[in-house]
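This report concerns only the one structure given below.
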Amino acid sequence: MKAAAFDYVRPATLREACGYLADGDGEARIIAGGQSLVPLMAMRLVRPRLLVDINDVAELTGIARDGSEVVVGAATRQADAGRSGIVVDDVPLLALALPFVGHDQTRNRGTVGGSLAHADPSAEIGLVAAALGATMTASDGETDRRIDAADFFQAPMTTTLEPGECLTAVRFPVWPGAGRVGAGFQEVSARDSDFAIVAAAAQLALDRDGVCRRAAVAVANAAPTPVRLLRIEEALIGQRPDNENIERLLPLMDEAIEPSTDLHAGADARRHMARSLTLRAILQAAANAAREP
């Protein structure tokens, strides 16, 4: 199939890009990697009248440590984020999740911000952002605003970005001085590198005695948006994250998730997978934390 007719512009600055978005009357879409947008256009599930290509907007790319946060530009390629020493050292959960995002070829073009703005409930980057309580930065070309991950995702394929706004960066918190930090990421998919039927992410900080002092836990595709499991996080603090203690906490997720039925899995199966994968992700995070010097 072919996309419906559209106009195309390639601005050089963020202000110019946002100007095109504002003038598009809701019919303009940003394109960077195009790994999600182009297939939807080819199937005519979306029909933008204007594509705003941001690949020449240099200020939207790059990875840097900024105090207690790692800032990833929205147009940064997923492959570049996966190879970044800053990400590996300071945001281990993101580094662990990125290999699950599509294939090598798609990660070479796909962007971190594109995945977040697309807001697929099965997306791994959105799951990591939700788990860690990341902050999105959006701009209308004149003013910037920050949006907590908990407020950013509204529904499948829907965010709180305004029609004239561009996602410019995502800021992931770093856990300095939190103890030995380890991450865990688990997902079930129909095929390798396919969309997650359910995924779970965890990052833990353990003290020298193996007791949890900080926790971040979330699941994806068990609700319309990625869900941070705050009650499980709170209950993990002061506990040794072993199999018995974690299994005792898993029922706490039931009120937070809303699994649905589709051609890949039923709601009950998704609920079971969410519990099982969360257990595995937490155990993996604890094991990785224990290996830290």
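Computed values, structure above
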{"quantity": "Contour minus Cα-Cα distance for T158 and T261 (0.36 nm per residue)", "calculated": "35.1 nm"}
{"quantity": "Net charge contributed by nearby residues that have their C-beta within less than 12 Å of E233 (K/R +1, D/E -1)", "calculated": "+3"}
{"quantity": "Simple Cβ-charge dipole of the stretch 1-69, Lys/Arg +1 and Asp/Glu -1, about Cα centre, in debye nearest 20", "calculated": "400"}
{"quantity": "The chain - share of DSSP beta bridges that are antiparallel (%, nearest 5)", "calculated": "85"}
{"quantity": "Within the chain, helix-based [θ] at 222 nm, where runs of 4 or more DSSP H residues each add -39,500 (n - 2.57), nearest 500", "calculated": "-9000 deg cm²/dmol"}
{"quantity": "For the chain, the spread of Cα positions along each principal axis, largest first, Å", "calculated": "59, 44, 30"}
{"quantity": "Residue of H118, H103, H264 that the Gaussian network model of the chain assigns the largest fluctuation, springs spanning Cα pairs under 10 Å", "calculated": "H264"}
{"quantity": "Cα shape, the stretch 135-289, gyration tensor, a/c 1.5 rule", "calculated": "oblate"}
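Where a number appears in this text, it was derived from the coordinates with a stated rule and is not lab data. Being a predicted model, the structure only gives us computed values, none of them experimental. FYI the Cβ positions are ideal-geometry reconstructions off the backbone, even for glycines, and counts take in every protein chain you see.
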